[in-house]
Structures are given as C-alpha cells and as structure tokens.
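As structure tokens, the structure follows; a few thoughts come after it.
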Amino acid sequence: MKTRYEVQKQRIQIQNDTRYMNEIEAHYNELRRFRHDYQNMLISIDEYLKTDDLEGLQEYYQKNLAPVSNRVLKEKYNLEDLSRVKVKSIKSILFSKLSYAQSQEIEVHFDLKEPLIDIIVNELDLDIALGIMLDNAIEASVGHADGEIMSAIFIEKNSTVFLIQNNVFEQLPPLWKLKEAGYSTKGKNRGIGLNSLSKIVNRNENMILETRVLGAVFLQRLTVKRVSQND
C-alpha cells in the first residue's frame, strides 16, 4: 500500500510530465508562428529591395525587426544554461517558472556553469521549495517595468547552492513577519510567504536557507549540503 508521501510524489511527477508535454507543444506552436512571421517578414522587405529603397529598408528594420530580434535572442540566451540541469523535476520547475516570468515581461537570468547531475536530498521537498521561492520572486516583480529575477545554481565541493533574487519595489516588513503563515505583501490570504518554505527546510537537515534584504534586492540562498552514504 502506497504511503501518503509516495502518492504525493506520484502526483507531482504526473504534473511534471504534463508540464513537459505542454512545454513541448508550446515550443512547437511558437516555432510554427515564427516560421509564419518569418515568411511575412521576407514579404515585407521585398518591396524595399525591388525599388532599391535602402534608406526605407534601414528605417523599417530599426523600427520593426531589430527590437523583435534582440528580444528573441535575449530570452533564448538568458535561459540557455537550463540545458545543464539534468535532474528533470528541478529543470521542469525552473523552466516553467522562469518562462512564465518572461511571459509577464519580467527580465530573467539563469546561470549554471557545470551540469547538475543529482541532488542528495528529498527531491520533492526541493522542487516545492524552489517553486515557492520563484513564485514569491515573480509576485514581487510582476507589473513593474524594471522587474528582474536573477537565478543561479552553484555546485561547490560539499554543497549545491540555489540562488534567487528579485528587485524590491516597496517597503518590506521584517523578515520574521514574512515567515508568518498566510502573510503576503499583496493582501490577505494571497501569499505563501516564507512559512511553508521554512517548514520544508527545517525537516531536511542538509538544507540551509538564508534570506536577506540588501538595499533594493530580496535575496534567497538555499544550500543543499552533500551527505555521504556513510554519514
């Protein structure tokens, strides 16, 4: 008979698999739209070339094509390091949340210099923890013209560090207040806050959470210590 945890883990896996399929379908549809837009782009510049209107073509390019090209390239390379995340559930959470942030016109960055092969911790707890951290960063950034989320994974000798930071656009209460159950800066019963995140960290002895407000930046650093099988 399956335990409650096993059932929950299976449910999360199904959700992750569904998310992967939705992402694949979304990328396929995006590719189709890009091909269609590319054909229209060629048609749009054809008349400029036929009439040797290079000045008009240059103006058209700078006004209409360059901004789109720059945005596509920027979004692509900002999340390029996600390919180095080999733990599927972690990759799914990061891709889903950061892609959603991009869709909300939040500038996002992700950095990982070497492959993340495995994690010696309760994987489900880590997935939920990362989801909470990113949800809170998105909630704090959405709707702001200068909204930006910086995220990174650092693989060190004895630990793996997950770093997520976002800009602060309003006066935050003390950190102990943010950790209260159900507290949110966005209104009653809206935010998860840090309460659930703290509970997850507290039940995993090899997890350490550091939360800081540094000027106009809210920083969360989740460290997963490597514990050998003999410990």
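The values are calculated or read from the model by the stated rules, or taken from the named source; none is laboratory data. Just so it is clear, the structure is predicted and the values come from calculations on it, not from any experiment. Reconstructed Cβ throughout: ideal geometry from the backbone, glycine too, with neighbour counts over all protein chains shown. Quick note on the areas: whole protein, heavy atoms, side chains included, nothing else; ligands and nucleic acids left out. Shrake-Rupley method; radii C 1.70, N 1.55, O 1.52, S 1.80 Å.
Residue-by-condition table, conditions (1) aromatic (Phe, Trp, Tyr); (2) in contact with a helix residue (DSSP H, G or I) (Cβ under 8 Å, 6 or more places away or on another chain); (3) in a helix (DSSP H, G or I):
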{"residue": "Ala101", "(1), (2), (3)": "no, yes, yes"}
{"residue": "Val108", "(1), (2), (3)": "no, yes, no"}
{"residue": "Ile119", "(1), (2), (3)": "no, yes, no"}
{"residue": "Ile128", "(1), (2), (3)": "no, yes, yes"}
{"residue": "Leu134", "(1), (2), (3)": "no, yes, yes"}
{"residue": "Ala140", "(1), (2), (3)": "no, no, yes"}
{"residue": "His144", "(1), (2), (3)": "no, no, no"}
{"residue": "Ser151", "(1), (2), (3)": "no, yes, no"}
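Here is a yes/no grid of residues against (1) surrounded by 16 or more Cβ atoms within 10 Å (Cβ to Cβ); (2) modelled with pLDDT under 85; (3) under 26 Å from Asn167 (Cβ atoms):
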| position | (1), (2), (3) |
| --- | --- |
| Lys50 | no, yes, no |
| Gly56 | no, yes, no |
| Pro67 | no, yes, yes |
| Asn78 | yes, yes, yes |
| Arg84 | yes, no, yes |
| Lys91 | yes, no, yes |
| Ser103 | no, yes, yes |
| Val108 | yes, no, yes |
| Glu123 | yes, no, no |
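Restricting attention to the range 201-231, which residues are among the β-branched types (Val, Ile, Thr), open to solvent by less than 70 Å² (accessible area, probe 1.4 Å) and either in a loop (DSSP other than H, G, I, E, B) or modelled with pLDDT of 90 or more (or both)? Residues satisfying the conditions are Val201, Thr223, Val224, Val227.
The single condition from (1) open to solvent by 60 Å² or more (accessible area, probe 1.4 Å); (2) at pLDDT below 90; (3) hydrophobic (A, V, I, L, M, F, W, C) that Phe154 fails is (2).
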